[in-house]
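Take a look at the structure set out below.
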Amino acid sequence: MAIFDDVSTKFFYNYLNNFSPTGYEAEGQKMWLDYLKPYIDEWKLDNYGTAYAIINPGKDYKVVIEGHADEISWYVNYISEKGFLSVIRNGGSDPVIAPAKRVNIFTKKGIVKGIFGWPAIHVRKAKSKDFEASLNNIFIDVGAKDKEEVLEMGIHVGSVVTFDDELTELNKQYFVGRALDNRVGGFCIAEVARMIKEQKVDLPFSLYIVNAVQ
């Protein structure tokens, strides 16, 4: 943590803990741009939501540094009559790590809390297809008694789901978090912009600092 000062540490934690699943990166992009604006000359958004900042615009030679802003997540794709949610992947989400993980389900009424479950070990057979977690046997429980109550919560097929965990340090030298890949890259390129500004570096080219989506 010695390379972090108070300003960058606050941004690092806020940015990594922000929920910005694939296809819904707007809040994270706003946070990223707000941090960058004092250190850049221009900024823009494309039609997909990719944000990019420019230092020293208008030069013939252009250099790009890039990270991506999203995080893996899930989509609700089925609601059972008993009120359990089945999901599909949105990005490279791994079913094996899902069981027992708390989740946030995003709805127009706000975030609904849930938890991934799947059949208990004593009802599974070692060689059966259900022994390991997969999209076929994991599910989300939101504490609803039936499908109607799930719908009343604002959950619907297509609702986005993310893991409910935050950035953690291990032994004061390693970071663990759900969105490290590759939002930490967005943090790093933002710090490049900050250092260029604070150290008054005169670039002989235009630098494009790109925080991509999708």
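None of the figures in this text is laboratory data; all of them are computed from the coordinates on show. Since we're looking at a predicted model, the values are computed, not measured. Every residue, glycine as well, gets a Cβ built from its backbone with ideal geometry; the counts of neighbours run over all protein chains shown.
What the table shows:
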quantity	calculated
Relative contact order of the chain, pairs being alpha-carbon contacts under 8 Å that are 6 or more residues apart, as %	34
Segment 73-163: Cα Rg divided by the 2.2 N^0.38 Å rule of thumb	1.05
In sequence order, calculated HN-Hα J values of segment 195-201 (Karplus, 6.51, -1.76, 1.60; Hz; x Gly/Pro)	5, 4, 5, 5, 8, 6, 6
Helical contribution to [θ] at 222 nm, DSSP H n ≥ 4, -39,500 (n - 2.57), averaged over the chain, rounded to 500	-7000 deg cm²/dmol
Links that overshoot a 29 Å alpha carbon limit, given the list K44/K101; K37/K113; K109/K145; K44/K197; K101/K147; K37/K109	K44/K101; K37/K113; K37/K109
Rounded Å value of the spacing that divides the Cα centres of segment 120-192 and segment 195-211	37
P(r) of segment 17-106 over all Cα-Cα pairs, binned every 5 Å from zero, in whole percent	3, 10, 18, 18, 14, 11, 9, 7, 5, 3, 1, 0, 0
Tensor-based shape of segment 1-66 (alpha-carbon gyration tensor, a/c under 1.5 rounded, otherwise prolate or oblate)	oblate
Net +/- balance of residues flanking L151 in space, Cβ distance below 13 Å, scoring K and R +1, D and E -1	-1
Length-normalised contact order for segment 73-163 - Cα pairs under 8 Å, 6+ apart - percent	43
Debye-sum result for the chain in log10 I(q)/I(0), which assumes one identical scatterer on each alpha carbon, at q = 0.08 Å⁻¹	-0.37
